[in-house]
Amino acid sequence: MSRVTVSELATTLEQLQAQMAEMSRHIEFLEKHNAGPNGTAAVPARPTAAPPVAAEPAAASITEEELLAISAAIGAYLGVRAHIRQIRLVSTSAWAQQGRVSIQASHRLQG
């Protein structure tokens, strides 16, 4: 594994900050462009979701950087700034099971 110097890290950080600033400007432009006559967004109303069930305690908390990345991705996908109400990890064993199936299928059976 190669080592990263402080100057390379600083350069990468500056590039990321510039990209985030550009994304913020783009989101603001899209929000202004989609504004209706009364200044509100002209996005059709979405049906309200059912009230959240009792929140489960989070095993590992999400960092602010991860929340910003998720928010930026949602904004880029939808074209509008979305309000994130809840983020939760959905645990499933499907990936692990599929991996086991793949490995077991690769073995030749002796007859």
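The values are calculated or read from the model by the stated rules, or taken from the named source; none is laboratory data. Predicted, not measured: the structure shown is a model, and the values here were computed from it. Cβ: placed from backbone, ideal geometry, glycine included. Neighbour counts: every protein chain shown.
Suppose the filter is within 30 Å of A35 (Cβ to Cβ) and either surrounded by fewer than 10 Cβ atoms within 10 Å (Cβ to Cβ) or touching a helix residue (DSSP H, G or I) at 6+ places or on another chain (Cβ under 6 Å) (or both); does Q86 pass it? Yes; evaluated as a whole, the condition is true for this residue. Considering only residues in segment 64-93 that are among the β-branched types (V, I, T) and closer than 17 Å to E28 by Cβ, the one that is modelled with the lowest pLDDT turns out to be V80.
Among the residues of this structure, R108 does not count as one that is farther than 28 Å from F29 by Cβ, surrounded by 10 or more Cβ atoms within 10 Å (Cβ to Cβ) and at pLDDT 70 or above.
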